[in-house]
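So the structure is just underneath, and the comments pick up after that.
The values are calculated or read from the model by the stated rules, or taken from the named source; none is laboratory data. As the structure is a prediction and not an experimental result, all values here were calculated from the model. Glycine also receives a Cβ, built like all others from the backbone with ideal geometry; neighbour counts cover every protein chain displayed.
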Amino acid sequence: MINKNYCVIGYPIKHSLSPRIHNREFKKRGIAARYRAVEVRPENLAAFMKSYKENFDGGNVTIPHKEKVMRFLDWISPEVRAIGAVNTIVNRSGKLEGYNTDVIGAMTALKSAVKIIKDKRAVVLGAGGAARAVIYGLRKAGTKVLILNRTVETAKKLAVEFGCEYGVLEDFDATNCDILINTTSVGMWPKSTETPLPNLKESLRAMKKKPVVMDVIYRPKVTRFLKDAKACGCKIIIGEKMFLSQAAASFRLFS
Ligand code: ATR
């Protein structure tokens with residue numbers, strides 16, 4: 001008999017990989033729990049969260065609710081406070097706790113390819129929600145960060161908040177880059193031929209020491225951005241690795 005219920009909420013939510021990953025893990029461990037995807041429209045979030053405690057033991061939160069869901073929780077972690085976004089909820093004896101496992105997901109994925117992160121120079125493309133988690137993790141690990149974004153004002157705001165440098169995407173220069181991470185949505189399915197850095201190959205070709213290149217996008221598995229980097233001899237980290245690492249971290253919080 002199922003005695004625990006989990007969910008991922010978002011809008012849209014049909015394509016979420018989370019139910020498959022978590023249900024497989026529950027089954028493997030013999031835990032009588034069910035995890036499902038629930039489509040919650042933005043205008044229905046407040047009503048949905050009212051009965052969350054009665055209906056769910058916890059779960060995940062995705063776009064567009066990661067920020068707005070905070071006000072319905074009883075406690076948020078220090079990381080959530082710094083990032084301003086929740087991706088995991090745990091119902092602990094009737095109190096809803098909010099966590100952010102995107103940070104640990106990104107850093108675990110990165111550490112699989114870069115052994116020492118401290119003092120490395122990272123370039124982060126984008127300044128949205130995904131960027132905030134990645135930049136928080138990098139800064140905490142002692143990495144120098146340059147934020148490049150289409151809209152420079154947004155990059156500046158983040159740079160001031162997290163102690164980084166900033167610029168626009170066109171400023172990219174491979175000379176000063178050990179780690180390159182795309183957090184923009186450019187290149188996401190179905191626009192899989194797009195890339196946030198159309199001149200990446202030209203910039204990288206001349207370099208002797210190539211950066212490690214990561215993408216947070218996991219559909220397609222290997223984005224055009226990563227393909228370009230790989231063609232130039234860079235070590236790449238696919239977005240699925242980050243996704244699976246954040247799922248594993250959420251799972252540890254559930255059990
Ligand atoms: P998420 O929560 O997934 O990070 P978001 O907060 O909407 O989503 O952020 C999307 C990021 O992708 C932003 O950095 C955005 O740049 P702007 O701040 O200029 O909007 C970036 N982005 C989206 N579409 C883009 C495009 N066509 N070209 C360049 N950057 C783009």
Going through the stretch 109-124 in order, the residues found to be in contact with a helix residue (DSSP H, G or I) (Cβ under 9 Å, 6 or more places away or on another chain), closer than 17 Å to Asn176 by Cα and of a type outside the set (Gly, Ala, Ser) are Ile117, Lys120, Arg121, Val123, Val124
How many residues are touching a residue at least 12 places away in the same chain (Cβ under 8 Å), closer than 18 Å to Lys120 by Cα and in a loop (DSSP other than H, G, I, E, B) if we restrict to the stretch 194-208?
-> 1
Selection within the stretch 181-196 - crowded, with 17+ Cβ neighbours inside 10 Å, on the phi < 0 side of the Ramachandran plot and either among the small types (Gly, Ala, Ser) or more than 10 Å from the ligand (Cβ to nearest atom) (or both) = Ile181
If you check every pair at least six apart or on different chains, which have Cβ atoms under 8 Å apart with a residue in the stretch 165-193 that is closer than 18 Å to Ile117 by Cα first and a residue that is within 13 Å of the ligand (Cβ to nearest atom) and among the charged types (D, E, K, R) second?
-> Ile181/Asp215; Asn182/Asp215
Is at least one residue of the stretch 69-81 part of a loop (DSSP other than H, G, I, E, B), crowded, with 23+ Cβ neighbours inside 10 Å and either modelled with pLDDT of 95 or more or within 16 Å of the ligand (Cβ to nearest atom) (or both)?
-> no
Hits in the stretch 36-68 - residues which are in contact (Cβ under 8 Å) with a residue 40 or more places away in the chain, part of a strand (DSSP E or B) and either in contact with a Ser or Thr (Cβ under 6 Å, 6 or more places away or on another chain) or more than 13 Å from the ligand (Cβ to nearest atom) (or both) | Gly58, Gly59, Asn60
Kindly check whether there is at least one residue in the stretch 223-242 that is more than 21 Å from Gly137 (Cβ to Cβ), part of a loop (DSSP other than H, G, I, E, B), in contact with a helix residue (DSSP H, G or I) (Cβ under 8 Å, 6 or more places away or on another chain) and within 13 Å of the ligand (Cβ to nearest atom).
-> no
Can you name the number of the only condition in (1) within 16 Å of the ligand (Cβ to nearest atom); (2) in a strand (DSSP E or B); (3) over 24 Å from Tyr218 (Cα atoms) that Ile147 fails?
-> (3)
Filtered residue count, the stretch 113-144, keeping only those that are modelled with pLDDT of 95 or more and near the ligand (Cβ under 10 Å from one of its atoms) | 8
When every residue in the stretch 197-215 that is closer than 25 Å to Lys111 by Cβ and within 16 Å of the ligand (Cβ to nearest atom) is compared, the one surrounded by the fewest Cβ atoms within 10 Å (Cβ to Cβ) is Leu200
